[in-house]
Amino acid sequence: MRLMLIAGNWKMNLTAGEAEALAAALRAGLDRDADDLQDEVARTREVMVAPPFVAIPAVAQALAGSSIALGAQNMHFEEKGAFTGEISAPMLKVFGVRYVIIGHSERRHVFGESDELINKKVRAALRHGLHPILCVGETQAEHDSGRTLTVVLSQLQNGLDGVAGPGLVTLAYEPVWAIGTGRNATPEQAQTVHGSIREALKDRYGPAGDEVRILYGGSVTAENVDSLLSKPDIDGALVGGASLKADSFIRIVRGG
Ligand code: PGA
């Protein structure tokens, strides 16, 4: 059985102090019910937050010893060197970072990251034992012209080029038109894409493709999370805006 993952992507929000406070509030909120609810949540859902790089040390401290995992929003594919402004996998690992979001649509469309670059980052993350969350998703124009599956499956194949086994990999389907717009894909729309991603993963990796988690992202809220997660191939959520407030993220983790 695939363990659900609810991941918060804080993007370029929160100073280190604010991020630390949010992490502490999440920890307190999710630890408070050390009873059946908490057990149930812990058994069925893993939780991760991805703060901005400079807030990672403070958040790592705030979450030390808790069950909430730490993620990064990006990384460079080299270990070190003359790459001004970049952060490498070993630098992240020092702080206990476990996940790294790679190829988020903002990286692809605002910063021009190509499938080739994204693939290098995925492979570098795996080389260093980090769990990459590879993001794929079509733009509004691609959606409107019926190219969703073509685009998503090509991003998937290119992103995983040369990746022999999907063991540490998580996928995230995030339609660009749904990110930050308040307009989520319907559970049915998302399941159609997730189902196709699942088939592609099984074609490529055999039964191991069944073990890969496929998250949905794009305007996930406490109100719509349950219906999205009720679909067979939606194994969690990548949450932006609604992950910036402890109460809304905790409600999402608990399932609306
Ligand atoms: P959103 O962002 O939840 O604010 O739409 C999701 C994401 O970009 O990962």
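The values are calculated or read from the model by the stated rules, or taken from the named source; none is laboratory data. It should be emphasised that the depicted structure is a prediction, and the values quoted were computed from it without experimental measurement. Backbone-built Cβ (ideal geometry, glycine too); neighbour counts: all protein chains shown. Only protein heavy atoms, including side chains, enter the accessible area calculation; ligands, DNA and RNA are left aside. Shrake-Rupley method; radii C 1.70, N 1.55, O 1.52, S 1.80 Å.
Brief remarks follow.
- Note on residue 11: lysines with a C-alpha under 17 Å away, same-chain residues under 8 apart excluded, are 245.
- Within region 137-173: backbone nitrogen closer than 15 Å to the residue 183 label point (7 Å, Cα to C-beta): 138-146
- Relative contact order of the chain, taken over Cα pairs closer than 8 Å and 6 or more residues apart, is 21 percent.
- Length-normalised contact order of region 175-237 in % [C-alpha pairs under 8 Å, at least 6 apart]: 42 percent
- Spatially proximal aspartates and glutamates relative to residue 93 (Cα-Cα < 17 Å; intrachain offsets below 8 disregarded): 78, 79
- Sorting 83-95, 12-24 by their mean Cβ neighbour count within 10 Å, with the most densely packed peptide first, gives 12-24, 83-95.
- Binned Cα-Cα distances of the chain, short to long, each 10 Å bin given as a whole percent: 7, 33, 38, 19, 2, 0
- Computed [θ] at 222 nm, deg cm²/dmol, the chain (DSSP H ≥ 4; -39,500 (n - 2.57); rounded to nearest 500): -12000 deg cm²/dmol
- Three-way shape call for region 79-228 based on the alpha-carbon gyration tensor, with the a/c threshold at 1.5: prolate
- For the pair residue 164 and residue 98, a Förster radius of 30 Å applied to the C-beta separation gives a FRET efficiency near 0.90, rounded to the nearest 0.05.
- With the simple model of a label 7 Å out from the Cα in the direction of the Cβ, residue 154 to residue 78 spans 3.0 nm.
- The label-point distance for residue 145 and residue 110, in a model that sets each label 7 Å from Cα toward Cβ, rounds to 2.5 nm.
- Dipole size of region 103-217 about its Cα centre, with +1 on Lys/Arg Cβ and -1 on Asp/Glu Cβ: approximately 340 debye, rounded to the nearest 20.
- Heavy-atom accessible surface of region 112-255: percent carbon and sulfur, 1.4 Å: 50 percent
- Think of the chain as a dipole: +1 on every Lys or Arg Cβ, -1 on every Asp or Glu Cβ, centred on the Cα centre; then among 134, 95, 241, 95 lies furthest on the positive end.
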